[in-house]
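Below is one structure, written out as C-alpha cells; the observations come after it.
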Amino acid sequence: MTVVDWIVGLLAAIVVIVLLAKLILCALGKEDIRVKTDAPFELVSKDADSMIIQKKLTYYNEGKQCATLMDAFVRPLLPYEQYDGIEARGKAEREGYPREDDYFEAVLIQKKGDRNHEDVLNVYAKVKLTARKGMSLDEALSHMVDLPLDILWQETGRTPWHYRKVQLILPAEEIAKLAGVALKRD
C-alpha cells in the first residue's frame, strides 16, 4: 500500500463519515417556530392620560427539535411626524410571567408533540398609549392614526440564532373603540 493509496482511503472514509453525519442530522430535524396572530386586541387598562392594549401571540414549534425564544420585543411605529399627540411604547410579556421592566427572559419551546413539555408559548404584545401636548387621552385618541407594531424575536435551536418579525396593524378605529371615543377625521 502506497502513501497515495493510504491518503485516498483516508479521504474516502472522511467523506463517508461526513455524509453519514449529515444524514443523521437531517433525520433528527430542526426547530420550526410559527406564530399565530389571530387573537383580538384587548384593553388592559385606561386612565385619563394613558391606556394599555394587548394582543395574544401564540408561538408553537412544528419542528422535531427544541427551540429557544431568546428575546422578544414590540416596536410601535408611530413617529411624531405622523402624529405627535400620542406617545406609543411597546413590550412583549410572556403569559403568566409579568415583569415590571421591559426584559424578555429566554424560554424553551419544546418539539412538536412532546408529551412531557409545552410545545406552545403565549406572549402578549403590549402597547401603552400616553397623551402628549397637554391633551387628555380621549382628546388625543380622537385624532389617532393607524398604529403599525413590529413584533421581533430572536430564536435558536439547531439553526444558528436569528431574528424574525411579524407586523401587526392596530387600526385607529379599533383603538377608538377600545378607548370608548369617537374618531374625528381632519
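Secondary-structure-derived ellipticity at 222 nm for the chain, considering helices only, amounts to -6500 deg cm²/dmol, per-run term -39500 (n - 2.57) for DSSP H runs with n ≥ 4. Specify whether the C-alpha gyration tensor of the chain places it in the rounded, prolate or oblate class, a ≥ b ≥ c being the square roots of the eigenvalues: rounded for a/c under 1.5, otherwise prolate if a/b is larger than b/c and oblate if not. Prolate shape, in that a/c is at least 1.5 and a/b is the bigger ratio.
The simple spin-label model puts a point 7 Å past each Cα toward its Cβ; for Q154 and I169 those points are separated by 3.1 nm. Phi angles across region 8-21 convert, under the Karplus curve 6.51 cos²θ - 1.76 cosθ + 1.60 with θ = phi - 60°, into 3J(HN,Hα) values of 5, x, 5, 5, 5, 5, 4, 4, 5, 5, 5, 5, 4, 4 Hz, Gly and Pro given as x.
Surface composition of the chain: carbon and sulfur atoms hold 56% of the protein heavy-atom accessible area at a 1.4 Å probe.
Take the Kirkwood radius over Cα pairs of region 21-65, plug it into Stokes-Einstein at 37 °C and 0.692 mPa s, and you get 240 µm²/s for translational diffusion. Derived scalar couplings between HN and Hα for region 177-183 equal 5, 5, 7, x, 10, 9, 6 Hz in order, rounded to whole Hz, by the Karplus curve 6.51 cos²θ - 1.76 cosθ + 1.60 (θ = phi - 60°), x for Gly and Pro. Normalised per residue, the accessible area of the chain is 61 Å², obtained with a 1.4 Å probe and no contribution from ligands, DNA or RNA.
The values are calculated or read from the model by the stated rules, or taken from the named source; none is laboratory data. Source: prediction; values computed, not measured. With ideal geometry, Cβ positions are generated from the backbone for all residues, glycine too; neighbour counts draw on all protein chains shown. Side chains are part of the model used for accessible areas, which takes the heavy atoms of the whole protein and leaves out ligands, DNA and RNA. Shrake-Rupley method; radii C 1.70, N 1.55, O 1.52, S 1.80 Å.
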